[in-house]
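The values are calculated or read from the model by the stated rules, or taken from the named source; none is laboratory data. If you're wondering where the values come from, they're calculated on a predicted model, not measured in any experiment. Neighbour counts run over all protein chains shown; Cβ positions are idealised from the backbone, glycine included. Side chains included, ligands, DNA and RNA excluded: accessible areas come from the protein's heavy atoms. Shrake-Rupley method; radii C 1.70, N 1.55, O 1.52, S 1.80 Å.
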Amino acid sequence: MHGLRGIAAVLVMLGHFRELTAQHLDLAPSGFLAVDLFFLLSGFVIAHAYDEKFRKGMSFREFAEARIVRLYPLYFAGTGIAMAGVGAAIAMHGLGSYSRLDLLASLAFSLLFLPTPPTLSIVPSVLFPLNGPAWSLFYELVANAFFAALALRLTGRSLIAIFSLAFLVLALMAWDGMNIGGGAHWHSTMAGPARIAFSFFLGVYLRRYATGKSRDGNLYMPLLLALCAGLMIFRPDQNAQLYDLAMIVLVWPWLVLTASRLRLSGLWRAIALFSGNISYAIYALHTPLTWMVNVLDESITGTPWNQHGLPFIVGTSILVIAVATFAHYVYDKNVRTLLRYLLSLRRAREELTQF
């Protein structure tokens, strides 16, 4: 499943270039559906990694610390890159480009991993003005907390009840012509809770009750990755909401189940592991990095922010993947090791004070 995460992260990134190009090059018009695939994979992986630990007595606090250590370092790096982009924009256009209060509030809420209220935001339309895709990480943390609080009581029936109710909300939204791929913007925030509730808890259910016998996957995985990419590159002219609903409810669960039963070896295993390893870094960093490149390109060449072409997309994508590789293997791994060490010291001190 590592390969699915990797290809999904790249397609999300490509989908976000549309508004920056002169011809509105839309290389992945359905790339936003990768978020639902991420949610599904997250539920599957969280259940795999923590079900047994909760049965052995893992506390909510220990789980919360583990998830923050996993998610926050790269998220913090993305916030830092975004602030550097803000600094570059201020250097070009002056401090009047942003309200001081809005800028400080946006930074404060972002550092706390919370949505910024529209009245205090430098980009009032989105939940996370410094790093738009962080909205899905916020909802993932909420779902993680719900899972941890009820892990031992989340039976098959309760999981079915949760994702069935979420499916009903998504189906009604699609029937009414609403955008079920929303969540990043305040006007479409209703879709966010429904998307995470359906896919995350379905992922937990699939891991617990629907895993099957594994088989060699070197032949099938390339086909699955090509299918995954193709489905996000495609966009129907009509009934787009029904297409989105079918992808979220039918295609992604089938794809995750199929991929979970494949064993990879050799080159394909190495490719899948590498792409999966850097997928979170790509997702967490691509928007602020693209913003930074855009600001620098405007200052050097004078190209307006939304008038770029294919060379900008290719060059920026290569840069993002390179930075993501460094960020995962050097920055993130070392920071997480340090944080785990500091947490272990704190736990040791707490144990000593109990005697």
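Solvent-accessible area per residue in the range 50-179 equals 48 Å², computed with a 1.4 angstrom probe and all protein chains kept. To the nearest 10, the accessible area of Met178 is 70 Å² with a 1.4 Å probe. Can you classify the range 149-301 as rounded, prolate or oblate using the Cα gyration tensor, where a ≥ b ≥ c are the square roots of its eigenvalues, rounded means a/c under 1.5, and otherwise it's prolate if a/b beats b/c and oblate if not? Oblate, since a/c reaches 1.5 and b/c is not below a/b.
A Förster radius of 56 Å, combined with the Cβ-Cβ distance separating Thr301 from Arg340, puts the computed FRET efficiency at roughly 0.80. Rolling a 1.4 Å probe over the heavy atoms of the protein chains gives the range 252-316 an accessible area of 44 Å² per residue. Helix check for the chain. Which DSSP H runs span at least 18 Å along their own axis by Cα, with a mean Kyte-Doolittle hydropathy no less than 1.6? The answer, listed by residue number, is 156-175, 220-233, 310-326. Near Leu262, the amide H atoms lying under 5 Å from its own belong to Arg215; only residues 5 or more places off or on other chains count, and H is placed 1.01 Å from N.
Ordering Leu296, Ala284, Ala270 by the projection of their Cα atoms onto the charge dipole of the range 215-355, which places +1 on the Cβ of Lys and Arg and -1 on the Cβ of Asp and Glu, puts Ala270 at the extreme positive end.
Highest mean packing comes first when the peptides 131-142, 77-88, 154-165, 277-288 are listed by Cβ atoms within 10 Å, giving 277-288, 131-142, 77-88, 154-165.
Using the Cβ-Cβ distance between Asp26 and Glu350 with R0 = 41 Å, the FRET efficiency computed as 1/(1 + (r/R0)^6) comes to roughly 0.20. Of all lysines in the structure, those lying under 30 Å Cα to Cα from Lys213, and not within fewer than 8 positions of it along the same chain, are Lys53, Lys56.
Here the range 211-274 exposes an accessible surface that is 63 percent carbon and sulfur, computed with a 1.4 Å probe and the other protein chains kept in place.
The value of relative contact order for the range 1-156, using C-alpha pairs under 8 Å at least six residues apart, is 17 percent. Quick note on the range 160-215: its Rg to Rh ratio, both from C-alpha atoms and Rh being the Kirkwood radius, is 1.11. Given a 1.4 Å probe and the protein chains as shown, Leu168 ends up with an accessible area of around 90 Å².
As a fraction of the 1.4 Å probe accessible area of the range 61-201, surface on carbon and sulfur atoms comes out at 73 percent.
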